[in-house]
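The values are calculated or read from the model by the stated rules, or taken from the named source; none is laboratory data. Given the structure is predicted, the values throughout are model-derived calculations rather than measurements. Virtual Cβ from ideal backbone geometry, glycine too; neighbours counted across all protein chains shown.
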Amino acid sequence: METQAFYHFVGIGGVGMSALAHIFAKLGCRVSGSDVAPSLRTRRLQELGVTIFTGPSGSSSGR
């Protein structure tokens, strides 16, 4: 059984991180990311199935 790769990008709404997340998502990897606020870039990534966490901490860690 093959394991699917998973990647989490901090600052996923930025130009560089969003581009990397887009590439990994298109390659079939599981991708998530965090940023302080939603944006056009994060919405486009969500359309590809990327899970986005937003908020002051920009984190999904629950701390």
Among the hydroxyl-bearing types (S, T, Y) and at pLDDT 95 or above: which single residue out of S57, S34, S61 fits that description? S34
So the check is Cβ under 6 Å with 6+ separation or different chains; which pairs have a first residue in segment 32-51 that's β-branched (V, I, T) and a second one that's surrounded by 13 or more Cβ atoms within 10 Å (Cβ to Cβ) and at pLDDT below 95? V36/G58
So, of the residues in segment 15-28 that are surrounded by fewer than 17 Cβ atoms within 10 Å (Cβ to Cβ) and either of a type in the set (D, E) or on the phi < 0 side of the Ramachandran plot (or both), which turns out to be farthest from the chain's Cα centre (by Cα)? L27
State all residues of segment 33-53 that are out of contact with any Phe, Trp or Tyr (no Cβ under 7 Å at 6 or more places or on another chain) and surrounded by 17 or more Cβ atoms within 10 Å (Cβ to Cβ); if no residue qualifies, say none. D35, R41, T42, L45, V50, I52, F53
